[in-house]
Amino acid sequence: MKAHDGMYIDGAWRPAAGRDVIEVVNPADEQVIGQVPAGDATDVDTAVRAARAALAGWAATPPAERAARIAALRDVLVARRDEIAETVTAELGSPLKFSEAVHAGVPIAVAGTYATLAASYAFEEKVGNSTVFHEPIGVVGAITPWNYPLHQIVAKVAPALAAGCTIVLKPAEDTPLTAQLFAEAVHEAGVPAGVFNLVTGLGPVAGQALAEHPGVDLVSFTGSTAVGRRIAATAGAAVKKVALELGGKSANVILPGADLAKAVNVGVANVMSNSGQTCSAWTRMLVHSERYEEAVELAAAAAAKYGDRIGPVVNAAQRERVRGYIEKGVAEGARLVTGGPEAPCDRDRGYFVSPTVFADVTPGMTIAQEEIFGPVLSILRYEDEDDALEIANGTVYGLAGAVWAGDEAEAVAFARRMETGQVDINGARFNPAAPFGGYKQSGVGRELGVHGLAEYLQTKSLQF
Ligand code: NAD
C-alpha cells in the first residue's frame, strides 16, 4: 500500500507547503500503516488555481471525450479493484469481502453510469424561441467522509467530470490512502492536468480553506450535519452554491402483512454492515405491537450471530461515541436485548463495538433521535399506520428508509407519505443511477444518476 508524501496538483505529485502529517491507523489492530501530508490554506490555494486554469479547456472538451476519460477511469478502478479493497480494509477496517463487493464495486458501477451519461446527456435543448445550454458550474470543492471512502469521492468527481467541471478534493483524514489511490487512477485514465486535484488535510484547516476559497464555485460536501451547517453558512455568505449530503436516522417500517423474518433479518444486516457506519442505515425498526416480541427475538438472534465479524469502527473517538450512546440507551430505559458497551469476544486491540439491539425504544429517546453511526439497532412499537408514520417522520432527518408489506401497493402508499429521499420496498436492491439525498436536515441536493449530474450544471438561455 503506497502513501504519497505530496499533493496531487496540476497532474503531478508536488511537495506540501508545510511539514505537518496525518498518521493513518488500521482500526482493526491500531497499527500505523502510513502517513500523508496535512495540507494547509497554501496547498488549497495552489490546487484551486490549478483547477481554475484547467477549467476553460475541460469545459470545452466535447462530452464524448469527457465520457471516454470517465470510462477509462472506470477501467482503471476495475483493474485495481483488489488493491482498492485492501486499502479500504486497511484504513477503514471493513471486512475484505465487503470492501471488494461494496467499497470497490459500487464506485465502479457509479463511474460506469457517468461514462454513459456524459456521452448521452442533452447539454443543449430547445425551449420555444430559446436554446438552453447546460454549462459546467465551474471549480468544485469536494469534501468527503471516511465511511464509504471511494464511493463518496466517485459520487462527486464522476458527475463533475461529466459536466465539464474541474475539482479540488479534500478527503477525510481517516481514509486518505484510498483518495491517493484514486488520484493515481485519475492520472492513469489520462484526465488532463489540473482537472482533478487532491489536497489531504484536516477538516478545520484544509477543508475550511477549500469551503471558503473565493475561487471555488460549488462546495459539494458529504459528512455530518454539524459541519454541513457551517459550510452552508460560509457558502451562503459568499452566494456560492452548495450540495450537502448529511446524516440520517432512517426508519425500517414493517407493516403487519410483511414477511417478518425476512424484513427483520435484512433490516439487521443493513444496520450491521460497515459496522453501522452508513448514513442511510435503517437504524430504527418499526414493528406493529402484535408482532413486536417476535420481531425482537428474531433481531436479537440475527445480531448476536455477527460477533466481531462486522469489523471495527473507524477510530477510538468513534468507538467511545457509540459506547456512550449505548450507555445512554440503557440509562433512558430501553431494553438491551443483545450486545452492549463492552467489546465483543476477547478483543483487546482494535476499535470493536458489539452488535447491539435495543427493544422498548420510544420515539423521544436519544437513541431514537440522534445518529449513532455504529452497529446499534433500536426497535420501536406502533399501534396503527398513522402512528407508524408519525414515528417514521419524527426526526430532523430524512435520508432513506424501508417499507415491508404483504402487498406492494400498500408499501408504496406508505412510502409516499414518508418525509425521506429514498425508500426500499420489500428489500429491493440499491440502484446506482437513482437520485440519492435527503429531505429536511439530511441535506440539500441529490447525488448519483442524471439528478446528480444536474448539481454540477448551470443553465444559459439564448433567445432567437
Ligand atoms: P465530518 O463532518 O466530521 O467530516 C466530513 C468531512 O468534512 C471530512 O473530510 C472532514 O475533514 C471535513 N471537515 C470537518 N470539519 C470541517 C470544517 N470545519 N470545514 C470543512 N470541512 C470540514 O463527518 P465524518 O465523521 O467524516 O462522517 C460521518 C458523517 O457523514 C455522518 O454524520 C454521516 O451520516 C455523514 N454521511 C452522510 C452521507 C450522505 O450521503 N448523506 C454519506 C456518508 C456519510
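The values are calculated or read from the model by the stated rules, or taken from the named source; none is laboratory data. None of the values given here were measured: they were computed from a predicted structure. Counting neighbours? That spans all protein chains shown, and the Cβs are built from the backbone with ideal geometry, glycine included. These accessible areas exclude ligands, DNA and RNA; they are computed on the full protein's heavy atoms, side chains included. Shrake-Rupley method; radii C 1.70, N 1.55, O 1.52, S 1.80 Å.
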Sort out which residues of segment 229-260 are in a helix (DSSP H, G or I), touching a residue at least 60 places away in the same chain (Cβ under 8 Å) and within 7 Å of the ligand (Cβ to nearest atom), and write them in order of number.
I231
Can you pull out the residues in segment 146-196 that are within 15 Å of the ligand (Cβ to nearest atom) and among the polar types (S, T, N, Q)?
N147, Q152, T175, T178, Q180
Looking at L399, L462, can you tell me which residue is in contact with a strand residue (DSSP E or B) (Cβ under 8 Å, 6 or more places away or on another chain) and assigned to a loop (DSSP other than H, G, I, E, B)?
L399
Out of all the residues in segment 344-364, is one or more farther than 30 Å from F436 by Cα, small (G, A, S) and in contact with a strand residue (DSSP E or B) (Cβ under 6 Å, 6 or more places away or on another chain)?
no
Taking segment 278-324, which residues are within 16 Å of the ligand (Cβ to nearest atom), in a helix (DSSP H, G or I) and buried (at least 20 other Cβ atoms within 10 Å of the Cβ)?
Q318, R319, V322
Among the residues of segment 355-367, which ones are more than 23 Å from the chain's Cα centre (by Cα) and either open to solvent by 30 Å² or more (accessible area, probe 1.4 Å) or under 20 Å from N265 (Cβ atoms) (or both)?
V357, F358, A359, D360, V361, T362, P363, G364
Of (1) open to solvent by 30 Å² or more (accessible area, probe 1.4 Å); (2) in a helix (DSSP H, G or I); (3) hydrophobic (A, V, I, L, M, F, W, C), L55 satisfies every one except (1)
For a quick check of your reading of the model, give me the residue pairs whose first member lies in segment 9-23 and is within 13 Å of G201 (Cβ to Cβ), whose second is of a type in the set (G, A, S) and surrounded by fewer than 15 Cβ atoms within 10 Å (Cβ to Cβ), with beta-carbon atoms closer than 6 Å and at least 6 apart or on different chains.
none
Can you name every residue in segment 22-46 that is touching a Leu at 6+ places or on another chain (Cβ under 8 Å) and either open to solvent by 30 Å² or more (accessible area, probe 1.4 Å) or under 27 Å from G350 (Cβ atoms) (or both)?
I22, V24, P27, I33, G34, V36, A38
Just wondering, is there one or more residues in segment 261-269 that are touching a residue at least 60 places away in the same chain (Cβ under 8 Å), of a type outside the set (V, I, T), in a helix (DSSP H, G or I) and open to solvent by 40 Å² or more (accessible area, probe 1.4 Å)?
yes
Taking segment 218-228 and the residues there that are crowded, with 22+ Cβ neighbours inside 10 Å and not β-branched (V, I, T), the one that is farthest from the ligand (Cβ to nearest atom) would be L218
Residue among E342, E383, E370, E390 that alone is within 16 Å of the ligand (Cβ to nearest atom) and open to solvent by 70 Å² or more (accessible area, probe 1.4 Å):
E370
Taking strands (runs of 3 or more DSSP E) that do not extend beyond segment 124-184, which have at least 1 residues that are more than 15 Å from A111 (Cβ to Cβ), polar (S, T, N, Q) and open to solvent by 10 Å² or more (accessible area, probe 1.4 Å)?
130-136
In the set R74, R19, which member is open to solvent by 20 Å² or more (accessible area, probe 1.4 Å), among the basic types (K, R) and in a helix (DSSP H, G or I)?
R74
